[in-house]
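Read through the structure below, which is laid out as structure tokens, and then see the notes.
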Amino acid sequence: MLSISIVTFIVIAILHTCIPYVRTEPVAARYGAGCVYIEPKIYCYGGRLFSRDDSGQLALASNIFNSLDLSESRDLAALQYSWESIPHVEPEANYDFGIVAIPDHNAIFIDGGSGKDNPDGYKSKYNTTIYMVDDEQWNTDIESGHLHTSGHEAILGPGNIVYVWGGASYPDIERQEEALIYPLEMFHFHFQTLSWSIGPAVSSYQVAREWFSAALGSDGVSIYYVGGESPSAPRFENMTRYYYEPSPMNQILIFDTSGQRWRTENTTGVTPSTRVFHTLTLKPNTGELILFGGMEPRNKTEFREDYFYLLDTVNMEWSTRDISAPPGVAHVVTTIKDHSAVLVDNNLFIIFGLIRNQQSTSDVRVLDTELWSWRASISGVSDSTDMPPDSDSSGSGLSPGAIAGAIVGSVAAVVIIGAVVIFCYLRKRRHPRKKQEESNVVNETRSKGENQEHGLTSNPRSPNDISTANESTTKASSSEDPNRGNPSNFYGTEKPDGAPRLVMIPVKPDGVQKL
């Protein structure tokens with residue numbers, strides 16, 4: 001029994017190591033988190049609580065970094081329980097930071113934020129960090145290229161350059177709002193060299209803003225900044241405290257990454273109400289920008305009821321759509337703020353956020369951007385790697401989840417087979433005498449059976465008897481036998497050993513013997 005317990009322990013330990021930890025309940029509710037997509041997973045980092053925890057902190061202290069694998073098809077109810085926790089050492093808890101994926105290097109760039117448990121209070125521990133997905137390693141040894149800010153945006157532009165702009169900074173944390181600074185310059189982070197450079201600034205602090213949203217346009221060079229709030233005038237002569245005005249939604253601030261210049265364009269159509277804490281996402285197949293959620297800038301407890309718009313960046317025209325919810329679809333949302341929005345194929349994932357009654361949520365909702373309808377289930381994401389038409393693609397049909405499952409299954413099979421072999425070996429070593437005795441009994445029985453079959457007994461015979469037997473055998477061999485060399489056919493009533501043979505006599509149905 002001891003050997004079985006040891007083998008069982010080994011099997012469980014190996015399987016536990018090979019199979020990633022999958023939650024049996026949704027992740028903790030949060031808002032102010034950041035989510036990005038690197039195929040085939042959505043990665044979400046950080047977030048904050050609605051009210052301070054027992055230690056007085058707003059930043060989420062545990063369950064900080066998670067991923068959601070989209071390679072498998074599943075319904076939305078199961079999707080809520082499919083998060084995988086990613087162990088992390090650095091960085092610490094954080095919220096209201098800038099985050100962007102760098103798919104060419106399977107990297108996640110995180111900048112600024114509000115943080116917790118550090119000497120600077122509202123600042124995150126590190127100004128800039130990078131997570132390498134393949135290596136599962138954080139890089140925190142990056143030189144700071146600008147003031148530590150929160151409420152800003154980081155957008156990936158051409159050449160794997162990250163453009164960081166906006167937000168507010170508290171360089172003198174003891175004075176807090178009295179020392180508030182709005183950065184005006186565009187900061188460039190060059191991923192290849194892990195270095196910073198400074199681009200052009202906006203014209204004045206009235207153009208600067210925070211709590212806005214931004215996205216790279218379909219032309220690949222224009223970054224659109226929509227919504228938020230801007231300082232309108234200083235409250236004091238030192239210009240460190242401001243009155244604020246909502247940023248107009250019919251005037252879009254645009255940065256041209258190719259010409260390195262700022263411009264503003266007016267819009268037409270159905271103009272959205274002003275807002276903060278919303279999201280802006282590019283829909284690549286149409287070039288439209290999807291505006292979702294948000295709340296009123298002057299009253300940050302009032303959600304915007306007009307939660308959905310589209311911006312045509314070619315004609316600079318706003319429009320909206322009627323979003324439907326088929327019967328039975330439970331995961332829908334109409335008013336939400338400080339959430340994350342990630343587009344995968346034609347599905348817009350609305351993740352976490354603050355909903356009505358000021359309640360944070362852990363839900364994942366999916367909007368079909370072709371049908372403009374909430375989904376009850378999703379299909380596994382397709383592989384973005386195109387195979388040549390004449391290439392052998394027989395082995396390319398497995399999703400990453402299926403490949404992982406095959407690997408785990410193979411390891412499990414090897415472990416189980418090895419466990420059986422070990423168990424049999426240990427059992428054989430424990431009972432060698434018993435096995436030998438059983439073998440001797442079997443051999444003795446087999447020997448007796450063979451002797452009886454050849455008409456021999458176990459008693460010794462005299463030389464005369466043996467001679468007589470040999471003579472009889474010789475005579476029998478010299479007789480003519482027409483069936484010799486062929487299978488024996490017995491037609492008589494006796495077997496070759498002389499025992500009576502059972503004879504079957506045919507009988508008619510009426511019981512009379514047939515002659």
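The values are calculated or read from the model by the stated rules, or taken from the named source; none is laboratory data. Computed from a predicted structure; not experimentally measured. Ideal geometry is used to build each Cβ from the backbone, glycine not excepted, and the neighbour counts take in all protein chains shown. For the accessible areas, the whole protein counts, side chains as well, though only heavy atoms, and no ligand, DNA or RNA atoms are used. Shrake-Rupley method; radii C 1.70, N 1.55, O 1.52, S 1.80 Å.
Just a few scattered comments:
- Taken as a whole, the condition of being in contact with a His (Cβ under 9 Å, 6 or more places away or on another chain) and surrounded by 15 or more Cβ atoms within 10 Å (Cβ to Cβ) does not apply to PHE255.
- Extreme residue, most open to solvent (accessible area, probe 1.4 Å), among residues of region 146-159 that are assigned to a loop (DSSP other than H, G, I, E, B) and closer than 15 Å to SER124 by Cα: LEU147
Here's the yes/no breakdown for (1) in a loop (DSSP other than H, G, I, E, B); (2) open to solvent by less than 40 Å² (accessible area, probe 1.4 Å); (3) of a type in the set (Phe, Trp, Tyr); (4) over 26 Å from GLY269 (Cβ atoms):
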site: LEU310; (1), (2), (3), (4): no, yes, no, no
site: LEU348; (1), (2), (3), (4): no, yes, no, no
site: LEU371; (1), (2), (3), (4): yes, no, no, no
site: GLY380; (1), (2), (3), (4): yes, yes, no, yes
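- In region 319-345, the residues that are touching a Ser or Thr at 6+ places or on another chain (Cβ under 6 Å) and in contact (Cβ under 8 Å) with a residue 60 or more places away in the chain: ALA341, LEU343
- From GLU302, GLU296, residue being free of Cβ contacts under 8 Å to residues at least 12 places away in the same chain and closer than 26 Å to TYR31 by Cα: GLU302
- Condition met for SER258 (over 16 Å from LEU311 (Cα atoms) and not in a strand (DSSP E or B)): yes
- Where a residue in region 195-224 is part of a loop (DSSP other than H, G, I, E, B) and its partner, wherever it lies, is surrounded by fewer than 17 Cβ atoms within 10 Å (Cβ to Cβ), with Cβ under 6 Å and at least six apart: VAL202/LEU184; ALA208/LEU184; SER218/GLY287; VAL221/SER258
- Region 225-237, residues that are in contact with a Gly (Cβ under 8 Å, 6 or more places away or on another chain) and outside any loop (DSSP other than H, G, I, E, B): TYR225
- Close pairs from region 247-265: first hydroxyl-bearing (Ser, Thr, Tyr), partner part of a loop (DSSP other than H, G, I, E, B) and surrounded by fewer than 18 Cβ atoms within 10 Å (Cβ to Cβ), Cβ under 7 Å, at least 6 apart: THR257/VAL221; SER258/VAL221
- When region 125-141 is limited to residues that are among the polar types (S, T, N, Q) and under 27 Å from PRO40 (Cβ atoms), the one that is most open to solvent (accessible area, probe 1.4 Å) turns out to be GLN137.
- Residues of region 272-296 classified as in a loop (DSSP other than H, G, I, E, B) and crowded, with 22+ Cβ neighbours inside 10 Å, total: 6
- Annotation: of all residues in region 279-318 being touching a His at 6+ places or on another chain (Cβ under 9 Å) and hydroxyl-bearing (Ser, Thr, Tyr), the one that is modelled with the lowest pLDDT is TYR307.
- Residue list for region 81-95, filter: open to solvent by less than 10 Å² (accessible area, probe 1.4 Å) and within 15 Å of the chain's Cα centre (by Cα): TRP83
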